[in-house]
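Notes for the one structure printed next.
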Amino acid sequence: MNSQADVFINRELSWIEFNKRVLLTGFEKEYKILDKVKFCSIFSNNLDEFFMVRVASLKAQVEAGITKKSIDGLTPKEQLTKINNEVKKLTTLQESFVNNELNNELKEKGVILKKYKDLSENQRNWCNNFFTTSIFPLLTPLVVDPAHPFPFISNLSLNLAALIRDGENAKNQFVRIKIPTKNINRFIQIPNEIIQHSDESTYLFISVEDLIGNNINTLFNGMECINYSFFRVTRDADLELKELEADDLLLAVEQSLQKRRLGGDVVRLEVESDTPENILKLLIESISIQKEYIYFCKSFLGLDDLNQLTKINRDDLKENLLIGKTHQHLKNLDLPSSKKLNSIFKILRKKNILLHHPYDLFKTSVEEFINRAADDPLVMAIKITLYRVSKDSPIISALMRAAENGKEVMTLVELKARFDEDNNIQWAKQLEQAGIHVVYGIIGFKTHTKIALIVRREKGRLRNYFHIGTGNYNSNTSRFYTDIGLLSTDPEIASDLIELFNYLSGFSKQKTYQKLLVSPSSLRTKFIYLINREIENAKQGKEAKIIAKMNSLVDPEIIELLYFASQTGVQINLIVRGVCCLYPQRKNLSENIKVKSIIGHFLEHSRIFWFYNNNNTEVFIGSADWMRRNLDRRIEAITPIEDLKLKSQLHNLLKTYIDDNYYSWLMNPDGSYKKSSEEKLSNRSQFDLIESWQNS
């Protein structure tokens, strides 16, 4: 009998394997240098969030004495040991790459990261003057002594720790200085006239901490700095939210955010590899952290800040990702200045439209849909769910304008969208002030579904138009995330959406829907039915196939059913970008299952589920992955795609991903991944999709 570890991959270790793919993608020579920098930055940012949430949760379990094992048979303590071992290997790999290959290639391309000690006298003078005028006033040295306890170190802040000797009493004092990276760029550009380089394509940077460190004695007049070093802490940032006890959910989230800002327990301490022993000892004692959570760094601390370099004005050093065209069926819409505001509604009465962002522009499709609704006098109501919204959201502006125009507007704002809570609170308040009915969903569940409904009066009756998508109503991320969306007037799906919105606003206890698959009520049951139907077809000797594209595959029940489907002969192709707890192509377990991960310029975010159904295919898109949280603890909506042309489009899209041999990482039977070994890398899914949309 197989052990749990032979059947399930640990979720956290699978996530680390995913982040490893992100890092290694940045190592590939085919990418331009600033795109390599971007992947390196994303790797570090991902790791920060992983420690703030996943590691923090496991650490809290260990400290509470919890020994419950994960689905693969590991205790929280065993998971933490493996996590720290694997992450330290990867961060060592990253630092070596940054210090050598990345730094050298940047230099070759005219982007130079210099140490203060290597600057010319003229360059040092400029830097010192910049320190005096622009940095020094922002610094606040905090001494540690009996009268001044060790200061609170905020989450992800960069700090300088120094030992200072007061000449009067020859006593050493510990001092901490917070580096003001939110007010000053992490990498300070030295002007071209100072570096005496006429070529405007050359950029010379010095890190802010290097500049501060080399001007440290100006902070301690009459005293001597014996030594100093930099450090960074990561804290538990998961919200402790007791919804059932909250009278006002918005207020409860605000209070929880205040606790997060104050900071939870430290879950990681990053220090420079040459940190003096006396400083390290004091940090360990003051922060109260075990040695296994200390990371000794041989490169910059907080490498996510490398993202700043991607913003330099050198288009030759990065791929142009601002692509996309107006969908072919929306090209002939009236100009915004036209008084004929019903064009998009005329189009949708004739045909359904399948959108694929960023290849189909979000601005001229989804935003256009909401904008036209806001201004159309025949539109009576707009309802929408907002999970993550850009800070300068055109959709928010359109909703406010719709309310001003006298329309009934209802928005569900998910206050618990991790790390977007504060942004969503501010939007919720502004929307309410604009006269919009704002709701926060169902207690105990996150509302993750991406749905919008527009009610329009036409010829004496009401007609419903809607959008259901796999991604957020976020104008910024729509340019870099691949997502699928459906614009339609299907009356049965529209009726389901009305019931779902009523459920979300607390006016309905609806649990059954005509066409929509909704969690937590029907989504799991329906997916199990669809997989079982393929199993029955395989048992009867019929062709049976499943193709599923998602972000994560974690749910044990679904995984075990897929194993059984494989054993009965169902051919299964899984395109899973991130965490995958299933082992593919294992003898007597999953020989008919193939898993691949697509890591490219765009973040693959769409969820598509395709079932062969004895050559009568059923296809679904929506917001849910095959994870317990999506199937059981979130409000999700998955819609069938019934239009034959659109089903064919989705199958062709899935085939593009399956055939990809450029961005693909193939999962091995042991859970590791390898890049395609084909010599001719001719199938490049994301580039091929760009070309096909440009030629349409």
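Packing-wise, with mean Cβ within 10 Å as the measure, how do 662-675, 275-288 rank, highest first?
662-675, 275-288
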Segment PHE136-ALA5, extension gain: residue separation times 0.36 nm, minus the distance between their alpha carbons
41.7 nm
For THR512, THR202, what ranking results if the residue with the fewest other Cβ atoms within 10 Å of its Cβ goes first?
THR512, THR202
If you find the alpha carbon centre of segment 603-621 and of segment 525-596, how far apart are they in angstrom?
13 Å
Row for segment 74-165, column shape: gyration tensor on C-alpha, a ≥ b ≥ c, rounded if a/c < 1.5 i.e. under 1.5, prolate if a/b over b/c, else oblate; value oblate
Report the net charge of residues surrounding TYR359, where surrounding means a beta-carbon distance below 12 angstrom and charges are Lys +1, Arg +1, Asp -1, Glu -1.
-2
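Specify whether the C-alpha gyration tensor of segment 1-79 places it in the rounded, prolate or oblate class, a ≥ b ≥ c being the square roots of the eigenvalues: rounded for a/c under 1.5, otherwise prolate if a/b is larger than b/c and oblate if not. Intermediate values should be presented prior to the final figure.
Numbers: a/c = 5.85, a/b = 1.82, b/c = 3.21.
Oblate shape, in that a/c is at least 1.5 and b/c is the bigger or equal ratio.
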Would you list which aspartates and glutamates come within 14 Å of LYS542, measuring only between C-alpha atoms, while excluding same-chain residues fewer than 8 positions from it?
GLU534
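Summing +1 for each Lys or Arg and -1 for each Asp or Glu, what net charge is found among the other residues whose Cβ lies under 11 Å from the Cβ of ASP490? Before the final figure, lay out the partial values.
Numbers: positive: LYS515; negative: GLU492, ASP496, GLU642, ASP643.
Around ASP490, the surrounding residues sum to -3.
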Give me the net charge of TRP626's neighbourhood, meaning all other residues with Cβ under 14 Å from the Cβ of TRP626; Lys, Arg count +1, Asp, Glu -1.
+4
Rounded to the nearest 5, the percent of antiparallel DSSP beta bridges in segment 518-694 equals 60 percent
Distance from the Cα centre of segment 71-150 to that of segment 181-227, in angstrom?
14 Å
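Mind scanning LYS107/LYS675; LYS515/LYS596; LYS407/LYS647; LYS311/LYS383; LYS526/LYS549 and naming the pairs with a C-alpha gap bigger than 25 Å? Intermediate values should be presented prior to the final figure.
On the way: LYS107/LYS675 28 Å; LYS515/LYS596 30 Å; LYS407/LYS647 34 Å; LYS311/LYS383 36 Å; LYS526/LYS549 17 Å.
Table pairs above 25 Å Cα-Cα are LYS107/LYS675; LYS515/LYS596; LYS407/LYS647; LYS311/LYS383.
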Please work out whether segment 328-515 counts as rounded, prolate or oblate from its C-alpha gyration tensor, where a ≥ b ≥ c are the square roots of the eigenvalues and a/c under 1.5 means rounded, while otherwise a/b larger than b/c means prolate and anything else oblate?
rounded
Sites matching trypsin sites (Lys or Arg not before Pro) across segment 448-501 that sit in DSSP coil, with at most 14 neighbouring C-beta atoms within 10 Å:
LYS459
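Considering only DSSP beta bridges whose two residues both sit in the chain, what percent are antiparallel, to the nearest 5?
Values: 75 of 108 bridges.
Here the share of antiparallel DSSP bridges comes out near 70 percent.
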Going through LYS450/LYS511; LYS32/LYS114; LYS325/LYS450; LYS20/LYS545 one by one, the pairs whose alpha carbons sit over 25 Å apart turn out to be LYS20/LYS545
Just to check I understand the Karplus step: with θ = phi - 60° and J = 6.51 cos²θ - 1.76 cosθ + 1.60, what whole-Hz values come out for segment 491-506, glycine and proline as x?
x, 6, 5, 4, 4, 4, 5, 4, 5, 5, 5, 5, 5, 5, 8, x
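I'd like to compare 487-494, 207-214: which one has the highest average count of other Cβ atoms within 10 Å, and what's the full order after that? Show your work: numbers first, answer last.
Details: 487-494: 19.4, 207-214: 21.1.
So the peptides 487-494, 207-214, ranked by packing, come out 207-214, 487-494.
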How far apart, in nanometres, would the label points at LYS182 and LYS281 be if each is projected 7 angstrom from Cα along the Cα-to-Cβ direction?
3.4 nm
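Bear in mind that the values in this text are calculations on the coordinates, not laboratory data. Just so it is clear, the model here is predicted, and its values are computed rather than measured. Heads up, the Cβs are rebuilt from the backbone with ideal geometry, glycines too, and the neighbour counts pull from every protein chain shown.
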